[in-house]
Amino acid sequence: EFPGHSREVLLLSPSLSVQGRGASHSFEAMIKCPRGILFMFHGCGRYAASFFYSPQGRKMVELATEMGLGIVAFTKSEELGCWNWANDGDTVKKLAKKFILSRLSKACAGANGSDAVYPPMYAFGASSGGSFVGMLSSQMKQDPEDYAPFLFSAANIQIMAPNEHDHWDIPTVFTTMSGDTQTSKRVQDWVNKEMQVDKGPYKIITTSGRKPIHVDHFRKVFRDDLQMSDRISGSIHQDLSTQGVINSSTDEVIANPRFEKDAVITIWQKYDLLSRKEVANDSKHLDASDVHPFGVSKRLMRSLKKEELDDADSIWLIEELNVAWDEHEITAEGFEDVLDFFLETGSARLE
């Protein structure tokens, strides 16, 4: 729990790994003052912690930390609900300001303790979180003194169009999915109205369309997790085909995965923690204590609440299927371009 508040703030600081010649020596150090701070806001029905364990969230966090950004994710007042300005707006503002003043003022202070030069602060929001980022950006424009030093330098709003009554002028990337033409049109209409004259630069990224789920798909997604072997990835692929979720000839998702709930549940339960621990217990070569949700390290696993652990145990499959369907899901596609846009347009601020 963050000091003085009952709401959680999830933090991840970037680190620097240096390896000596011949890989004989190595060390890892935390970066004292990050290159920037990325505030992340998830959508309805999603835990803030899932940025650190879902396949797409993990990829985005990995890309951001590789660029030297610190990650800050807030929980909602109702974690499995949607962002609600009445319940969340003021709390997030207070928490963010407290975080900046307590964590960054000293870490980013100048020589001999001179005033801190705060790194650029960026925002990412998906779906409901995207709407919330738009509301925050609009309020920051109306009353910057009230929000300072919590002021976004740039934002990425994903799979959601801004509200008509929200107005801001910071550099903004909009990410839309090619299968959601309605949201794409609403984003373009808002941009045409709000971002054309004397406003910050903007960019619209549209995803590449529906994607196949090949036999090695999950092995590539979880390349850092030895649990996801070629055999298991192939078995999942076969189950998706057998259950009629993907076309056996093209590997393309046949229908909206959200409407294939029974089939999806049947498949992920076959590979959930309970099932894989039972297999390990029956094996002479496996240790059940080494079984954890795909993509979740033992270190992260220890920090997750039970409900988050349960979520991590199941979300990996439906998220990847939704991304393949390419209609409405958080996606890491194009996020490298988003980060490049941030670093090109963002600027540091004096305390």
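The values are calculated or read from the model by the stated rules, or taken from the named source; none is laboratory data. Only a predicted model underlies this, so the values are computations on that prediction, with no experimental measurement involved. Methodologically, a virtual Cβ is constructed for each residue, glycine included, from the backbone with ideal geometry; neighbour enumeration extends over all protein chains shown. Side chains are part of the model used for accessible areas, which takes the heavy atoms of the whole protein and leaves out ligands, DNA and RNA. Shrake-Rupley method; radii C 1.70, N 1.55, O 1.52, S 1.80 Å.
Beyond 18 Å, what share of the Cα-Cα pairs of segment 135-224 remains, rounded to the nearest whole percent?
Result for the distance tail: 54 percent.
Which pairs in the list LYS94/LYS203; LYS32/LYS193; LYS93/LYS261; LYS203/LYS298; LYS94/LYS220; LYS203/LYS305 are over 32 Å apart, alpha-carbon to alpha-carbon?
Working: LYS94/LYS203 30 Å; LYS32/LYS193 41 Å; LYS93/LYS261 37 Å; LYS203/LYS298 38 Å; LYS94/LYS220 40 Å; LYS203/LYS305 37 Å.
Listed pairs above 32 Å: LYS32/LYS193; LYS93/LYS261; LYS203/LYS298; LYS94/LYS220; LYS203/LYS305.
Which whole-number value in Å² is the accessible area per residue of segment 86-174, probe 1.4 Å?
Counting only protein heavy atoms, the per-residue value for segment 86-174 is 36 Å².
In nm, what is the difference between 0.36 nm times the number of residues separating GLN227 and ASN84 and their Cα-Cα distance? Could the numbers behind the result be given before it?
On the way: separation 143, 0.36 × 143 = 51.48 nm, distance 3.82 nm.
Stretched fully, the GLN227-ASN84 segment lengthens by 47.7 nm.
For segment 166-316, count all C-alpha to C-alpha pairs, find those more than 25 Å apart, and express that count as a whole percent of the total.
Percentage above 25 Å: 49.
At a 1.4 Å probe radius, carbon and sulfur cover how many percent of the accessible area of the chain?
So the carbon and sulfur contribution to the accessible surface is 49 percent.
Mean projection of the alpha-carbon convex hull of segment 51-138 over all orientations, in nm²?
6.8 nm²
For segment 222-311, go through all pairs of different Cα atoms, get the mean of 1/r, take its inverse, and jot down that Kirkwood value in Å. Present the calculation step by step, with values, prior to reporting the outcome.
On the way: mean 1/r = 0.0683 Å⁻¹.
After inverting the mean inverse Cα-Cα distance, the result is 14.6 Å.
Taking the Cβ of GLY129 as the centre, find all other residues whose Cβ is under 10 Å away and add up their charges (Lys, Arg: +1; Asp, Glu: -1). Intermediate values should be presented prior to the final figure.
Details: positive: ARG46, LYS76; negative: none.
My count for the surroundings of GLY129 gives +2.
Have a look at GLU79, GLU329, GLU319 and tell me which one the Gaussian network model of the chain (Cα, springs below 10 Å) gives the largest fluctuation.
GLU79
How much of the DSSP bridge set in the chain is antiparallel, in percent, rounded to the nearest 5?
Roughly 35 percent of the DSSP beta bridges within the chain come out antiparallel.
How high is the relative contact order of segment 188-257, in percent, counting Cα pairs under 8 Å that sit 6 or more residues apart? Mind dumping the intermediate values first?
Details: 46 pairs, mean separation 19.7, N = 70.
RCO, segment 188-257: 28 percent.
Among residues other than GLN238 whose Cβ falls under 13 Å from its Cβ, what is the net charge (Lys/Arg +1, Asp/Glu -1)?
Once positives and negatives cancel, what remains is -2.
Calculate the all-directions average of the projected area of segment 262-320's alpha-carbon convex hull, and give it in nm².
Average of the hull's projected areas for segment 262-320 equals 4.4 nm².
Counting Lys +1, Arg +1, Asp -1, Glu -1, what net charge surrounds LEU273 among other residues with beta carbon under 10 Å of its beta carbon?
Computed value for this residue: -2.
Students often check this: by mean Cβ neighbours within 10 Å, which of 62-72, 240-250, 153-163 ranks highest, and how do the rest follow? Each step should come with its number before you reach the end.
Values: 62-72: 19.5, 240-250: 15.5, 153-163: 24.5.
Top of the packing list down: 153-163, 62-72, 240-250.
So which GluC sites (Glu not before Pro) in segment 234-283 end up in coil per DSSP with only 14 or fewer other C-beta atoms within 10 Å?
GLU252
In whole Å, how far is the Cα centre of segment 226-250 from that of segment 102-177?
Taking the Cα centre of segment 102-177 as reference, the centre of segment 226-250 is 40 Å away.
Tell me, what is the Rg over Rh of the chain, with Rh the Kirkwood radius over Cα pairs?
Rg divided by Rh gives 0.98.
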